[in-house]
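One structure is given below, encoded as structure tokens.
The values are calculated or read from the model by the stated rules, or taken from the named source; none is laboratory data. Please read all numbers here as calculations on a predicted model, not as lab measurements. Cβ placement follows ideal geometry from the backbone for every residue including glycine, while neighbour counts extend to all protein chains displayed. Note: areas computed on protein heavy atoms with side chains; ligands, DNA, RNA excluded. Shrake-Rupley method; radii C 1.70, N 1.55, O 1.52, S 1.80 Å.
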Amino acid sequence: METSDVRKRILDVLNSALRDAAERRTRNAEAGAAYEKFLETVATPVCRQVAAVLKAERLPCAVETPAGAVRLVSERSSTDFVEIGLDTSAARPRVVVRAERVKGRERYEDVQPIREGVGIEHRTDEDVLESLAGGIGVFA
């Protein structure tokens, strides 16, 4: 192989990687802005309603809002929670529900996307409720 051909191929790969990284940063920034609005107007209110229902059913939990997330935490065990967050580690940013429960040495963790394939701004309270319903089993 000619050195010039190798150099050209390597430079093409590096330039492509730089373009992909710039596009990813732009996508993540746009998703972050849409996610913050979704978190404030949809996810947090639904979590507060779910927490009220769980308390009425004698499964006390609190709603916490750490930076960039909303979390239902069991008042019986702070290691048991269901959290809505933005996952930017994938090729496309996605909103996920992460459920976690620790019982003795066993640790249960499940991460599921909320209505994948739909723009963050198009996710509804029904989508959030459906996803939370799948994760609140950690409180039982």
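Here are the numbers for this structure:
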| quantity | calculated |
| --- | --- |
| Any chance I114 is at pLDDT 90 or above and aliphatic (A, V, I, L, M) | yes |
| R9 being surrounded by 10 or more Cβ atoms within 10 Å (Cβ to Cβ) and within 21 Å of V128 (Cβ to Cβ) | no |
| Any hit, segment 37-56, residues being farther than 30 Å from A140 by Cα, of a type outside the set (K, R) and under 17 Å from the mean Cα position of the chain (by Cα) | no |
| Residue within segment 69-81 that is closer than 20 Å to E121 by Cα, touching a strand residue (DSSP E or B) at 6+ places or on another chain (Cβ under 9 Å) and of a type in the set (S, T, Y) present | no |
| All positions within segment 12-49 that are of a type in the set (V, I, T) and open to solvent by less than 60 Å² (accessible area, probe 1.4 Å) | V42, T44, V46 |
| Matching residues, segment 101-137, being among the charged types (D, E, K, R) and farther than 28 Å from R27 by Cα | R101, K103, R105, E106, R107 |
| Failed condition for V95, given (1) modelled with pLDDT under 90; (2) touching a Lys or Arg at 6+ places or on another chain (Cβ under 9 Å) | (1) |
| Spans of strands (runs of 3 or more DSSP E) in segment 75-140 with at least 2 residues open to solvent by 80 Å² or more (accessible area, probe 1.4 Å), free of Cβ contacts under 8 Å to residues at least 24 places away in the same chain and not basic (K, R) | 106-113 |
| Evaluation of V63 against (1) touching a Cys at 6+ places or on another chain (Cβ under 8 Å); (2) open to solvent by 30 Å² or more (accessible area, probe 1.4 Å); (3) in a helix (DSSP H, G or I) (one fails), failing number | (3) |
